[in-house]
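Asker: Got a structure for you, written out below as structure tokens; questions coming shortly.
No value in this document is a laboratory result; all are computed from the given coordinates. Note that the structure is predicted; figures quoted are calculated from it, not measured. Note that we place each Cβ from the backbone using ideal geometry, even for glycine, and neighbour counts take in every protein chain shown.
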Amino acid sequence: MVNVFIERENKFVKNVKARNAEQVMQILNINPETVLIIKNNELILAEENLNDNDDLKFLSVISGG
């Protein structure tokens with residue numbers, strides 16, 4: 001199980017059971033096109049495997065012109 005911080009909502013979610021960040025996004029209804037995924041302070045891809053007690057952060061991607 002992993003602990004998750006969602007920057008956009010300033011929300012912590014503890015003990016999410018998932019194999020990878022892609023599953024976490026599905027469980028928490030997060031659009032993968034709008035976030036960067038940080039695992040234990042390192043940028044990762046959604047498919048990377050997670051371990052128990054990992055900390056995930058979903059940081060909002062900001063774009064503009």
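Asker: Once you've got the GNM for the chain with C-alpha springs shorter than 10 Å, pick whichever of Glu22, Glu33, Glu47 has the biggest mean-square fluctuation.
Answerer: Glu33
Asker: A follow-up question, please. Which net charge results for the neighbourhood of Glu47, defined as the other residues with beta-carbon distances under 14 angstrom from its beta-carbon, given Lys and Arg at +1 and Asp and Glu at -1?
Answerer: Details: positive: Arg19, Lys39; negative: Glu22, Glu48.
After counting each charged neighbour, the total is 0.
Asker: I want to check the label-to-label distance for Asn51 and Asn15. Put each point 7 Å from Cα in the C-beta direction and report it in nm to one decimal.
Answerer: 2.2
Asker: In debye, nearest 20, what is the charge dipole magnitude of the chain about its Cα centre with +1 on Lys and Arg Cβ and -1 on Asp and Glu Cβ, if you could check?
Answerer: It works out to roughly 220 debye.
Asker: Rounded to whole Å and ordered largest first, report the semi-axes of the equivalent ellipsoid of the chain derived from its Cα gyration tensor (root of 5λ). Walk me through the intermediate numbers first.
Answerer: Working: eigenvalues 69, 29, 23 Å².
That gives 19, 12, 11 Å for the three semi-axes.
Asker: Rounded to whole Hz and in sequence order, give me ³J(HN,Hα) for segment 42-52 from the Karplus expression 6.51 cos²θ - 1.76 cosθ + 1.60, θ = phi - 60°, writing x for Gly and Pro.
Answerer: Values, residue by residue: 10, 5, 10, 8, 4, 7, 5, 5, 10, 10, 4 Hz.
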